[in-house]
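This report refers to the structure that appears directly beneath it.
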Amino acid sequence: MSESLGPLERVDGRWALGDARRPRRARVEFRPDGLHAIARDSRAEVVPWSRVMLGFRITLGGRYPRGVYTQMGVLGGLPGPFKGRGGGYLHMTVRHPYEDQELFFDRHPRWYRTKDVLVLQSVMTQLVQDGEVHRLGDPDWTARMVAHLSTFDGWATTGALRRAVAEALEAAGPPSTGAGQG
């Protein structure tokens, strides 16, 4: 079973965006009550699942690149002095109050395939649209979903992503009882 999809990785039974294995690294953990953005100094900000609306976008290397990567986002995944440096952002719109929010995470030293980042964004956005984003707080359900999506090997077209996400959501089945509700 795959333990990662782009910047999403399972660490100690919990799923997180970013490098949660190295000390003093920023990450965004998926927990039953919502997204926990843990800063390098261990301060945490919680975004309850019920606040998330309009889907997600992931950027690597900077806040607002034209695509997924900025120049630093590319360099951080290549061999050399920049390997594993820099970070990324999880962008979303939240309600109560309505605002755009960005949660920072440090990148892993490994390369993130653009296709994996796009698949991850697609499934997270679909869950928001379906009113089921809280499922990401169930680590076993997320593991089943990631295992299915990690086998996606097609072109990352809108239609192909939509089909892959629908298949992954069906393959993952129902969440564990009570996990991630909120």
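The values are calculated or read from the model by the stated rules, or taken from the named source; none is laboratory data. On a predicted model such as this, the values are computed, not experimentally measured, just so you know. Ideal geometry is used to build each Cβ from the backbone, glycine not excepted, and the neighbour counts take in all protein chains shown. Heads up: the accessible areas ignore ligands, DNA and RNA and are worked out on the full protein's heavy atoms, side chains in. Shrake-Rupley method; radii C 1.70, N 1.55, O 1.52, S 1.80 Å.
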Checklist entry - Once amide H atoms are placed 1.01 Å from N in the peptide plane, what residues at a sequence separation of 5 or more from Val11, or on another chain, have their amide H within under 5 Å of its amide H? => result Ala16
Checklist entry - If you take the square roots of the eigenvalues of the alpha-carbon gyration tensor of segment 1-40 and sort them as a ≥ b ≥ c, do you get rounded (a/c under 1.5), prolate (a/b over b/c) or oblate? => result oblate
Item to check | Thr158/Arg24 FRET efficiency (R0 30 Å; Cβ-Cβ; nearest 0.05) | outcome: 0.20
Checklist outcome for this item: Quick note, segment 111-182: a/c under 1.5 would make it rounded; otherwise a/b > b/c is prolate and the rest oblate (a ≥ b ≥ c, C-alpha gyration tensor); here it is prolate
Checklist entry - About the Cα centre of segment 116-182, what is the dipole size in debye to 20, counting +1 per Lys and Arg Cβ and -1 per Asp and Glu Cβ, all else neutral? => result 80 debye
Checklist outcome for this item: So, relative contact order of segment 96-182 in percent, Cα under 8 Å, 6 or more apart, is 36 percent
Item to check | Exposure of Phe56 as accessible area (Å², to 10), given a probe of 1.4 Å and all protein chains | outcome: 20 Å²
